[in-house]
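What follows is a set of notes on a single structure, which appears directly below.
FYI, it's all coordinate maths here, none of it is from the lab. Keep in mind the model is a prediction, meaning the values are calculated, not measured. When we count neighbours, we look across all protein chains shown, and the Cβ atoms used for this are built from the backbone with ideal geometry, even at glycine.
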Amino acid sequence: MRGDLIEAFAPGAGAARAAALFRATYGIEPDGVWSSPGRVNLVGEHTDYNGGLCLPIALPHRTYAALRRTEQDTDGLELVSAQEQAPSRVAFARVGPLWPTGWTAYPTGVAWALTNATGTTVAGWQLAVDSCVPYGAGLSSSAALECAVGLGLDEVFGLGLSADDEGRALLAQACIEAENVVAGAATGGMDQSASLLCRPGHALLLDTGAGTRRHVPLDMAAEGLALLVVDTRAPHQLVDGQYAARRATCEAIAARVGVRVLGELAPDDLPAAAAALVGPVTLPDGTVVDVETQRRRLRHVVTEIARVRAVVALAAQGRLAEAGPLLDASHASLRDDYEVSCPELDLVASAAREAGALGARMTGGGFGGSAIALVEQDRVDDVLAHVRAAFARAGFARPDALVATPAGAGNKEEQA
Ligand code: ADP
Ligand code: MG
């Protein structure tokens, strides 16, 4: 399509690359290749761990996992990735909380979590990975990796989870545990659910409180719209600590307000809930959060969930073009009330709007990563050029970008 955008692998190419890496590394054929997508969240940020709503779509950009079950050496896990340096060996018996470190935590963590969940020992395998999902861009390369590996392990160990959405939800849960417990990243469940449950042409409305989901038709092309994703490439700093702090703050606020999760509150409940917050909260790491900050964090979560409902209502009526102000409001709330934006994300949002985007916001956890802009299809190049010029003027590195169309969930690849 256009030059200068991060393209997804062509059909078949990703599977062929993973299979070729597998053969070159292990000198044998894989049992199969499975793939799963990255995701981008339209709206509903920092709501997934608050029992709230979010609205991700799966990206056309996927991670490919070639996998083989080994009969000998049933404790050995062998891993290689085109995106990483040398092949690794991991003893399954040692996998557990915060071990191993580095990228192998994700695939071995999935095997560990699946073993715990099913009682089948998911050990003795070889894995080769290749991917076109950008790393650390807030587009969930980590979930794409976990879910591609999870689908492969599910099949070669005969667990039978991937056949329907109920089983896939269990598989997603194992991938979440791998990320939370083994990799030690305290993320919510949106990424893995999107990667395993999204449908082409649809966004996935997740209600993380009720544990329900709905596929929302999202025909951007019919409205002449495109979703531009700009990866700021801003170095994440303090990401994990800040994420954990926000999460702990929300839990403390919920306890004070007397709800299980903040997602139980509606905008009308805000005055009474804010009044219930008296006195500072001390987080487990010793950080003190004052009352005014607690109220802003609360306001973000509750208004953000309301914005998800509003965007879904517009999408259902084919009026997504009117969602721009909701995306802008989401950005302002994340920047001012939740304080998870950064200068690069703010600049994408403001420069995109200046160049005629209908709305723009940071997406993902924040402190770097990506922002999205809802733009008329024929304005994509102009908006991106404008954002890049603004980055150059500000002395920031040139941002990467891609155009997101709602793609399908993870699956087994037809192999060449
Ligand atoms: P994001 O999920 O937003 O891309 P994360 O920090 O959650 O960012 O996950 C990125 C990490 O996931 C990488 O640093 C790496 O450890 C692992 N990872 C993701 N994709 C791959 C891949 N194709 N090969 C090896 N490791 C990967
Ligand atoms: Mg991630």
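In this entry, segment 13-217 is assigned a mean projected area of 10.4 nm², taken as a quarter of its C-alpha convex hull surface. In the elastic network of the chain, a GNM with C-alpha springs shorter than 10 Å, the most mobile of Val302, Val387, Val289 is Val289. Taking only the C-alpha atoms of the chain, Rg followed by Dmax gives 21.1, 66 Å. Applying 1/(1 + (r/R0)^6) with r as the Cβ-Cβ distance of Arg393 and Asn116 and R0 = 56 angstrom yields a FRET efficiency of 0.65.
A Cβ-based charge dipole, computed about the Cα centre of the chain with Lys and Arg at +1 and Asp and Glu at -1, lands at about 320 debye. The Cα atoms of segment 1-106 cover 47, 39, 23 Å along the three principal axes, with the biggest extent listed first. Pairwise alpha-carbon distances in segment 283-416 exceed 17 Å for 65% of all pairs.
With a Förster radius of 51 Å applied to the beta-carbon distance between Ala272 and Leu98, the computed FRET efficiency rounds to 0.80. Once C-alpha pairs closer than 8 Å and six or more residues apart are averaged by separation and normalised to the residue number of segment 13-217, the relative contact order reads 28 percent. Loop exposure criterion: trypsin sites (Lys or Arg not before Pro), DSSP state outside H, G, I, E and B, at most 15 other Cβ atoms within 10 Å. Applied to the chain, the longest stretch between such sites is 3-259. By the beta-carbon count within 10 Å of each Cβ, the least crowded to most crowded order of Val122, Val291, Val380, fewest first, is Val291, Val380, Val122. Specify the longest stretch of the chain that does not include any exposed loop site, a site being one of the GluC sites (Glu not before Pro) with a non-H, G, I, E, B DSSP assignment and at most 16 other Cβ atoms within 10 Å. Between the exposed loop sites, the longest stretch runs 85-338.
Residue exposure proxy: Tyr64, Tyr338, ordered by other Cβ atoms within 10 angstrom of their Cβ from fewest to most, comes out as Tyr338, Tyr64. For the chain, DSSP calls about 90 percent of its internal beta bridges antiparallel.
Taking other C-beta atoms within 10 angstrom as a stand-in for reagent exposure, Asp191, Asp31 fall in the order Asp31, Asp191, fewest first.
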